Amino acid sequence: MTIYPDTSFLVSLYLVDRHTSRAQQKLIQRPAILFTQFHRAELTHATYQHVFRGQISEAEARLAIANVDRDCRANILSEIALPATAFETCADLAKRHVATLGVRTLDSLHVAAALELKADRFWTFDERQGRLAEAEGLTTN
């Protein structure tokens with residue numbers, strides 16, 4: 001089973017929040033979790049937003065990012081290139097779904113990447129993004 005996680009799932013996996021236990025339970029199955037440079041950039045931003053808001057320290061942020069790197073080396077996260085075709089698919093998703101679902105560009109890009117990478121499942125804790133993934137035939141969570 002190949003999983004494409006969005007940033008909300010990854011944040012819950014590497015920082016403590018209300019979805020953390022659920023995110024950790026999903027790893028028990030040891031699925032192949034796809035991880036692109038897009039994930040890395042967005043997860044790093046999200047982590048340091050927690051520092052900005054005073055929710056975690058810089059040391060905790062560095063540890064979280066180090067844990068991501070550790071999981072990449074251990075192949076818990078399977079690093080893969082973001083397909084260039086994901087951007088065209090993202091624009092197509094905007095034409096078909098933004099007017100009704102109100103998703104943002106980065107949300108659409110995650111769903112587009114999952115589609116282009118032929119993921120079996122799309123893991124998210126973002127309801128709007130989940131609705132987009134389901135509208136495109138992806139199985140969520």
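The values are calculated or read from the model by the stated rules, or taken from the named source; none is laboratory data. These numbers were taken from a predicted model, which means no experiment stands behind them. Counting neighbours? That spans all protein chains shown, and the Cβs are built from the backbone with ideal geometry, glycine included.
Figures for the structure shown
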item	result
Single unsatisfied condition, Val51 versus (1) more than 26 Å from Met1 (Cβ to Cβ); (2) surrounded by fewer than 13 Cβ atoms within 10 Å (Cβ to Cβ); (3) in contact with a helix residue (DSSP H, G or I) (Cβ under 8 Å, 6 or more places away or on another chain); (4) not charged (D, E, K, R)	(2)
Test: residue in the range 47-70 that is part of a strand (DSSP E or B), within 17 Å of the chain's Cα centre (by Cα) and hydrophobic (A, V, I, L, M, F, W, C)	no
Lone unmet requirement of (1) modelled with pLDDT of 95 or more; (2) in contact with a Lys or Arg (Cβ under 7 Å, 6 or more places away or on another chain) for Thr44	(2)
Which listed residue, of Val16, Val103, is without any contact (Cβ under 8 Å) to a residue 40 or more places away in the chain, β-branched (Val, Ile, Thr) and in contact with a helix residue (DSSP H, G or I) (Cβ under 7 Å, 6 or more places away or on another chain)	Val103
Filtered residues of the range 19-43 (kept if within 18 Å of Asp107 (Cβ to Cβ), out of contact with any Leu (no Cβ under 8 Å at 6 or more places or on another chain), touching a residue at least 12 places away in the same chain (Cβ under 8 Å) and part of a helix (DSSP H, G or I))	Arg40
Within the range 110-129, tally of residues that are more than 12 Å from Tyr4 (Cα to Cα) and outside any loop (DSSP other than H, G, I, E, B)	3
Among residues of the range 130-139, those that are out of contact with any His (no Cβ under 7 Å at 6 or more places or on another chain), surrounded by 16 or more Cβ atoms within 10 Å (Cβ to Cβ) and either assigned to a helix (DSSP H, G or I) or among the polar types (S, T, N, Q) (or both), counted	3
Of residues in the range 79-129 being crowded, with 23+ Cβ neighbours inside 10 Å and of a type in the set (Phe, Trp, Tyr), the one nearest to Leu10 (Cα to Cα)	Trp123
